[in-house]
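Student: There's a structure below that I have some questions on.
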Amino acid sequence: DARDGSATLAPADTGTLTSRVAAAVAEALVAGTWTRLKACEADTCHWAYYDRSPAGRGRWCSMQVCGARAKMRRYRAKEP
């Protein structure tokens with residue numbers, strides 16, 4: 001940045017998905033946010049998500065969908 005002399009990471013080739021993902025991963029590593037990128041724990045879900053929970057212990061991409069289903073399965077398994 002010409003204003004303050006800071007540097008930013010940018011993909012060498014903006015046309016390929018691989019270079020954009022690699023730049024995003026490198027940026028997350030530098031920023032210290034990489035550990036917040038997680039895969040949903042639901043067996044039927046293949047989503048990755050950014051964990052915004054205060055403690056960083058999120059388990060599902062969506063509490064309304066995957067989290068609710070997991071909790072309902074656990075509840076029903078307890079029934080006699």
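The values are calculated or read from the model by the stated rules, or taken from the named source; none is laboratory data. Since this is a predicted model, take the numbers as computed values, not measurements. Cβ coordinates were reconstructed from backbone atoms using ideal geometry, including for glycine residues, and neighbour counts include every protein chain displayed. Note: accessible area is taken over every heavy atom of the protein model, side chains too, but ligands, DNA and RNA are not part of it. Shrake-Rupley method; radii C 1.70, N 1.55, O 1.52, S 1.80 Å.
Student: Out of all the residues in the stretch 59-68, which are surrounded by 14 or more Cβ atoms within 10 Å (Cβ to Cβ) and in contact with a Phe, Trp or Tyr (Cβ under 9 Å, 6 or more places away or on another chain)?
Tutor: Once the filter is applied, which keeps residues that are surrounded by 14 or more Cβ atoms within 10 Å (Cβ to Cβ) and in contact with a Phe, Trp or Tyr (Cβ under 9 Å, 6 or more places away or on another chain), the stretch 59-68 yields TRP60, CYS61, SER62, CYS66, GLY67.
Student: Now, a different point. Looking at the structure I just gave you, is ALA23 small (Gly, Ala, Ser) and open to solvent by 100 Å² or more (accessible area, probe 1.4 Å)?
Tutor: no
Student: A follow-up question, please. Scan ASP4, ASP51 and give me the residue that is open to solvent by less than 100 Å² (accessible area, probe 1.4 Å) and not hydroxyl-bearing (Ser, Thr, Tyr).
Tutor: Checking each option against the conditions leaves just ASP51.
Student: Output the number of residues of the stretch 31-53 satisfying the condition of being in a loop (DSSP other than H, G, I, E, B) and either touching a Ser or Thr at 6+ places or on another chain (Cβ under 7 Å) or among the basic types (Lys, Arg) (or both).
Tutor: Residues meeting the conditions: 1.
Student: Has the stretch 64-75 got at least one residue that is in a loop (DSSP other than H, G, I, E, B) and without any contact (Cβ under 8 Å) to a residue 12 or more places away in the chain?
Tutor: no
Student: Of (1) at pLDDT below 80; (2) open to solvent by less than 100 Å² (accessible area, probe 1.4 Å); (3) touching a Ser or Thr at 6+ places or on another chain (Cβ under 8 Å), GLY56 satisfies all except one. Which?
Tutor: That leaves (1) as the condition not met.
Student: Still on this structure, I have one more. With respect to ALA28, is the statement that it is open to solvent by less than 50 Å² (accessible area, probe 1.4 Å) and modelled with pLDDT of 80 or more true?
Tutor: Yes: the conditions hold for ALA28.
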